[in-house]
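This report refers to the structure that appears directly beneath it.
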Amino acid sequence: MGLPRSGARHGHASTGKKVLTRQSAIGTMHGVRPITLEVNGDAHATAAPDHWTLLEVLRYKLGLTGSKQGCDKGDCGACTVLVDGQPRLACLMLARHAVGHIVTTIEGLRPAHIAAGGSGADPIQDAFDRCGALQCGFCQPGMMLSARALLARTPEPSRHEIQAALSGNLCRCTGYTQILQAVETAIAESLGAEGPSAAWQRGPVPPVHPTGEVGDGRP
Amino acid sequence: MAARDQHGVGAPFGEFHVVGKPQRKVDGLAKATGTALYTDDIVLPGMLHAKTLRSPHPHARIVSIDTTRARALPGVHAVITGQDMPIKYGVIPWTPDENALAVDKVRFIGDEVAAVAAVDEDTANAALDLIDVVYEVLPAYFDPRQSLEQGQAAPIHAGKKGDNVSKHVSLDFGDVDAALAAADVVLEGEYRFHGSTHGAIEPHCAVARYDADGLLTLWSATQITHYVHRALSSVLELAPERIRVVQPCLGGAFGGKSDPFSLEFCVAKLAMVTGRPVKMLWTREEVFYAHRGRHPMQMRYKTGAMRDGRITAVDAKILIDGGSYSSFGLVTTYYSGQLLTGPYAFPSYRFDSTRVFTNKPPCGPKRGHGSVQPRFAFEVQLDELAAQLSIDPIELRRINFLGEHTQTVNGQRITSNGFMQCLDLVERASGWKERYGKLPRGRGLGVAGSMYISGTNYPIYPNDMPQAGIQLKADRSGLVTVFTGGNDIGQGSSTIVAAIVAEELGMDVRNVRVVAADTDLCPVDLGAYSSRVTFMVGNATIDAARKLRGKVVTAVAEKWAVDERRVRLMGGKAFDLDDPARVLSTREAFQLAEVRFDTLGATGSYNTPTLGGDYRGGTIGASPAYSFTAHVVEVDVDEETGRVTVHKVWCAHDCGRALNPTLVAGQIEGSCYMGIAEALLEEHDVNRFGLHAGPSLLDYRMPTALDTPEIEAFIVESLDPEGPYGAKEAGEGPLHSSIPALGNAIYDAVGIRLRELPFTPGKVLRALREQRAARPNAATTAAGTASQRVAHDRRRDG
């Protein structure tokens, strides 16, 4: 059975995965080459093993930890970054394959917004914050970048188009409701309109019980 | 004792300014811009990376472990095994049956055996291949009944009376047998709930540093810093005051980060052995092995009722599949019975629950701990009762309403109860009266109700100290810093704490900073579980903030030489009520108070009143306040494919005062999503060899934005006399009734009664085939209203 080791980063350990030999074991000493990536408007020169993914280099070499690792195999979307404006899974892309392309991470949105004359966070980031779309926040960098890419190609998407564009990003906290509201709010506000009202409402407040005293509860 | 004072349900002055209004989260923009630091974002100079060797066998004795070859690999700094940390632990102090690394036996595929610290992950992974373990394979049990009946051959844990029983609880209240005998109708049914897991997107991760002066610091993705702290102290034999545990920003938990976990002990031990900081990040696959998710349960329910719908007796027998370790299982076993006794009045009630060890990943607390499964079974049985008595299912629930400011049959005190308002809201919003039983075949509506605790007065380990503590530091700059042990796991507890301080001190909420979940800096809090944080930490915060406010008001009143009652703190200022021209900024007021009282601060705390029935286990599940929920779910059932599609979910949840309605709505919506997900798509199980059926986020099918139905949330605010400003819980209750409401909607749609989860196409098709076989004349026609179907069922049932 292939399972005694589950330290593997890549995939179900019982399925065929790369087995490192003793000779190739010292990853940092083997196959490390210089690499220059263009990330958030800057050229970053660093060095990394050939087999490192874009996500690993962003997080552990460039210190851009806003891109998250949730599964490391392309299932959850938390590592989503923009490569030449398109959403890509940074955990499935070798860093070397990003050379010569323009990479945008979550850290890049606010500075770009400010450079374009805005203030505060990117409108998508701000709408996510206001609408309650950020609970644990772990999936949201990828989610917001998927949303950014959608709005770049479709400025006024339908709800279904938004759901489809975000369907590669799993969120476990929100049930997506406040996320969809946040994206629609950002869209509406970019067009000078008001965002949609929330999907929740308050019921009438029941009267406070007249004998609202508290005993010790023992029978 | 101040901690047990009630603080009232109203605003400190007239109306609320911060509380009750949608507010941004204190850490929202940090999360949105990617600057919030999660555990795996921490990189320390010289840090090593650790990996875990896991068992390939579901049940085996460890004959020998040889780490020689692994240690010799260049780049490897340390290899540890169970012998390095032989002291057992368990989150419940009565059931310590876990080791950080296996000492004598492995009990499931994935059980931790050894850990390596190396210069990088690749080297650590390579070293795992060089650890030689000899196992003697033992018989393994994957089915709880088999484990119960045949487990003597190879008990999973030694010293458990030779059987595989983890915990047995049998309690009865009132004369169940007599009540059943006197009932007009008695319904009996067997229900099954499958395993599901939390699926937080952040995998478990821990980083440890052991300083030269003997101080251990652990950063961990945990939702209960305090219990990790205690467990580390015990297992590592270090004094607790030499250990600091910090919870960085946390990427979701849902109960899955409540136990102390192997990796926390391993990185700590490896840091102590090597003198280097050590990080371990579990893979997604390893997170599935760590599990601690929803217990599979086989439940037999018998309910007696009178013709008018009043319940007379409920009798439950439950077999709980615990997996390989105890975890919170003692509490799970109690919760499986103790939390069912509302929102309906049971004149008599009995439950008999047995948790059994099996050779599978250990089960534990998942959102709605221990009570989601019985709630499913009972609410489906209530629907069966409604059909049998020809009573509208919502009406049946009203008939049996428990009431407020009352007591349950098992001695739990009920304070506020907005369940009737919840029912009204979902009934109206879903168009129930016009549509239930009248939709075309294939589409249906279902209803269910539930209740849940707002924390419990059972503090895991017996002690009389406060469950929640708060420390405030007021700065002459006008800033207040709050120190809370409460774990913000995404639910927004730090945001709630800041809002309360701002409300009480009349400040701008942006001038309140929260330092949370750091055992060196913050007073103890028992952590984020049992939906206790808003309730208990909120009360402690009000306690502390009012003490601080008293100092500020006194200082200002003395300065102005006026009665203290004339001083109001509001809108970032201190006012004289009788002379509006007299005004100071918060900053100036704080400075006066610092002159008058020295360095300015306050502490506050909360402890529960004495609660619960006067019998063994009577305090488990006893909560200072209960939340209530009602769901209506609308489904489509495709009779060709068996596929169930949820069209819409209406959920009304009584959380007392909604301190931040945006956050409450997020909890309701997230709960509904999670309930629907486990009812239709998700299943956590092992194959016949004990190997996990699919430990990935592709195989474990969590819904995407496209799969999630429209959810309409209603917030019901039955102001509770015990809660902070009348608040109760919102994070777990709204999951419960979503699942039975969905099952009941399937019945309304096509007349099949699914008593076994998840509701897969296969189960739907099988039930439809059985329906056709039982009713050859009535079945396949697409017409037939629900009332006709009810009539058919009644004829069929005799």
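Any read-out appearing in this document is the output of simple, stated calculations on the displayed coordinates, not a laboratory observation. Computed from a predicted model, the values in this text were never measured in an experiment. Glycine gets a Cβ as well: all are built from the backbone with ideal geometry, and neighbour counts include every protein chain shown.
Of the DSSP H helices in chain B, those with a Cα length along their own long axis of 27 Å or more and a mean Kyte-Doolittle hydropathy reaching -0.5 comprise B:538-560, B:661-680. As a length-normalised measure over Cα pairs under 8 Å and 6 or more apart, the relative contact order of the stretch A:109-190 settles at 38 percent. Charge dipole of the stretch B:285-442 (Cα centre as origin; +1 on each Lys and Arg Cβ, -1 on each Asp and Glu Cβ, all else neutral): 100 debye, rounded to the nearest 20. Listed by chain and number, the lysines whose alpha-carbon sits under 26 Å from that of A:Lys68, ignoring those within fewer than 8 places in the same chain, are A:Lys17, A:Lys18, B:Lys25, B:Lys31, B:Lys51, B:Lys257, B:Lys279, B:Lys366.
With Cα atoms defining each centre, the stretch B:518-579 and the stretch B:1-61 are spaced 23 Å apart in the structure.
Just add up the charged neighbours of A:Ala127: K/R +1, D/E -1, any other residue whose Cβ is under 13 Å from the Cβ of A:Ala127. Net charge in that neighbourhood comes out at -3. For the stretch A:109-190, the Cβ-based charge dipole about the Cα centre amounts to some 200 debye (Lys, Arg positive; Asp, Glu negative; other atoms uncharged). Compute the distance from the alpha-carbon center of the stretch A:71-121 to that of the stretch B:226-304, in whole Å. Value for the Cα centre distance between the two parts: 32 Å.
A Cβ-based charge dipole, computed about the Cα centre of chain B with Lys and Arg at +1 and Asp and Glu at -1, lands at about 560 debye. Using C-alpha pairs under 8 Å with a sequence gap of at least 6, the mean separation divided by the residue count of the stretch B:31-165 gives a relative contact order of 32 percent. Applying 1/(1 + (r/R0)^6) with R0 = 45 Å to the Cβ-Cβ distance of B:Asp104 and B:Leu215 gives a FRET efficiency near 0.90. Over chain B, Cα pairs under 8 Å with separation of 6+ residues give a relative contact order of 16 percent.
In whole Å, what is the distance between the alpha-carbon centres of the stretch B:600-615 and the stretch B:122-166? Using only Cα atoms to place each centre, the spacing works out to 41 Å. Per-residue ellipticity at 222 nm computed for the protein assembly as shown from its helices equals -8000 deg cm²/dmol, with DSSP H segments shorter than 4 residues left out and the rest contributing -39,500 (n - 2.57).
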